[in-house]
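> Below is a structure I'd like to ask you about.
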Amino acid sequence: MKYLGLVFKNLFRNKRRTALTVFSIAVSLFIFSALVSLPTVANQILADTASSARIVTHNKSGLTYSIPIAYRQKIAIMPHVVATSSQSWFGGILHDVTDQFPNMAMDHEQADIMFPDWGLTPEQWDQFKKLRTACVVGPDTMKRFNLKVGQQIILKGTLYPFDLQLNIVGEMGGKAPPSMLYFRRDYLEEAAGRPGFVSNIWVRTDKSEDVPQLIAAIDEQFANSSAETQSESEAAFLGSFLRGYRMMFSLFEILGFIIVITVGLVAANTSAMSIRERRSEIAVMRSMGFPSGTILSTLLAESLVIGLMGGLIGCGAAFLALKLFAGPKMGMLSIRMPPVVLVETLIAAAVIGLLSAWIPARSASKMNIVEALRLVA
């Protein structure tokens, strides 16, 4: 600690070089943290739902095809089924067509049993069940449109030729999709003339170990029917939305690491130049009795501070950029910078700072005193 003043004094002896080095590290780690955040969020969502006791049943031909609502009653009486809830895609908008966000209608009777991890209170679930026009909204959509609990909104139809008047009774949290809006399916059925078909049916089992067995039983029940089903665990269902992005996610991660390596080489070159220019100082310090370990530590500390400064600036900028521009634009997947990405970015910044200065600093600290003094002369 007693050499801390020396470290900071050397940091600002060439302010332009220090600022440019910090800026280059910040830009690279901004790109790194932004690129890595999306696949990290996707992996966290799948990890959170991996042990879920929920199943999603939809048409085998694809998610755009519907299934009869009568399937729900048949599934509800199967062994190990605790609750069921059918859902229908509405796809409405609040203002302009460009302000789209995901919204669905779902059965209200067992919604609290089906989704106890959505962060809604028993009173809010009770309101959802009692009020025909009730809806619950994810936090990202609430913030995006400046909505409040108790507010009345008009959801304009795009797929359906009518609008719906809704009352917000609760803001979802927990593991609920942060950008979604859910309202009661009986309200949609009434407005649409009761078509009798739904987009999918959610099923909750008594324990997650029964999921594979129940998946097979459901699909077997509706095999060879006019609307065959494909049932999946919640993790597999959410993963199907992300499957098309997997290659892009991998590319993001590879690009992120390439950027870190590249900026590490640039920082190493800058550090080598800076230390080479100070060989005379280092020679004098060695002749005055400074141990080589102390000199090495101060040089590494300078580079570490530069790396961490760049990491904090880059990570902070990426956090703000994702929050302002990318958060509500990915449908059910809301992009945010997870804490693990912040830790990874700061570790990368520290590694860049230490490794970029290690070789030139070690060489300078081990320099022969006589040869070093001859350089001064």
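> Report, in cubic angstrom per residue, the convex hull volume of the C-alpha atoms of the stretch 141-191.
Working: hull volume 4.9 nm³, N = 51.
In the stretch 141-191, the Cα convex hull volume per residue is 96 Å³.
> A follow-up question, please. For K156, list the lysines whose Cα falls under 21 Å from its own Cα; do not include residues on the same chain fewer than 8 positions away.
Filter leaves K143, K148, K329.
> Across 10 Å bins from 0, what is the distribution of all Cα-Cα pair distances for the stretch 119-251, in whole percents?
Distribution as computed: 10, 28, 34, 24, 3 percent.
> Also, I was wondering about something else. Check the straight Cα-Cα distances from K207 and name the aspartates and glutamates below 12 Å, setting aside those fewer than 8 residues away within the same chain.
Partners within reach: none.
> Accessible area of the chain with a 1.4 Å probe: how many percent of it is carbon plus sulfur? Could you put the intermediate results ahead of the total?
Numbers: 11610 of 18780 Å².
Carbon plus sulfur share of accessible area: 62 percent.
> Let's test the formula: R0 of 56 Å, r as the Cβ-Cβ distance of E209 and M288. What FRET efficiency results, to the nearest 0.05?
0.20
> For the stretch 48-206, just run the numbers: alpha carbon Rg, then divide by 2.2 N^0.38 Å, N being how many residues it has. Provide the component values of the computation, followed by the final result.
Details: Rg = 15.1 Å, N = 159, 2.2 N^0.38 = 15.1 Å.
Normalised Cα radius of gyration, the stretch 48-206: 1.00.
> Quick check for you: with a 1.4 Å probe and neighbouring chains kept, what is the accessible area per residue of the chain, in Å²? If you can, show how the numbers build up before the last one.
Numbers: 18780 Å² over 377 residues.
Computed with neighbouring chains in place, this is 50 Å² per residue.
> Next question, about the same structure. Post the alpha-carbon centroid distance, the stretch 137-168 to the stretch 268-316, in whole angstrom.
Centre-to-centre distance over Cα atoms comes out at 57 Å.
> In whole angstrom, how long is each semi-axis of the equivalent ellipsoid of the stretch 174-292, when you take the square root of 5 times every eigenvalue of its Cα gyration tensor and sort them from largest down?
On the way: eigenvalues 819, 67, 49 Å².
Result for the stretch 174-292: semi-axes of 64, 18, 16 Å.
> Can I ask one more? How many percent of DSSP beta bridges within the stretch 118-246 run antiparallel, rounded to 5? Intermediate results must be reported in sequence, preceding the final value.
Working: 7 of 11 bridges.
Expressed as a percentage, antiparallel bridges in the stretch 118-246 total about 65.
> While we're here: Work out how far the C-alpha atoms of the chain reach from end to end along every principal axis, then list the three figures in whole Å, largest first.
If we take the Cα atoms of the chain, the spans are 95, 43, 33 Å.
> While we're here: Excluding residues on the same chain fewer than 8 positions from K60, give the lysines whose Cα lies under 20 Å from its Cα.
K74
> Where does helix 339-365 land angle-wise versus the long Cα axis of the chain, in degrees 0 to 90, nearest 10?
The helix 339-365 is inclined about 20 degrees to the chain.
> Here's a follow-up. Contact order normalised by length for the chain, with contacts defined as Cα pairs under 8 Å and 6 or more residues apart; what percent is it? Walk me through the numbers before you get to the answer.
Numbers: 638 pairs, mean separation 109.1, N = 377.
Relative contact order of the chain: 29 percent.
> To test your reading of the geometry: what angle, between 0 and 90 degrees and rounded to tens, separates the Cα axis of helix 292-321 from the longest principal axis of the chain?
The helix 292-321 is inclined about 30 degrees to the chain.
The values are calculated or read from the model by the stated rules, or taken from the named source; none is laboratory data. In this text, all values refer to a predicted model and were calculated from it rather than measured experimentally. Reconstructed Cβ throughout: ideal geometry from the backbone, glycine too, with neighbour counts over all protein chains shown. Note: accessible area is taken over every heavy atom of the protein model, side chains too, but ligands, DNA and RNA are not part of it. Shrake-Rupley method; radii C 1.70, N 1.55, O 1.52, S 1.80 Å.
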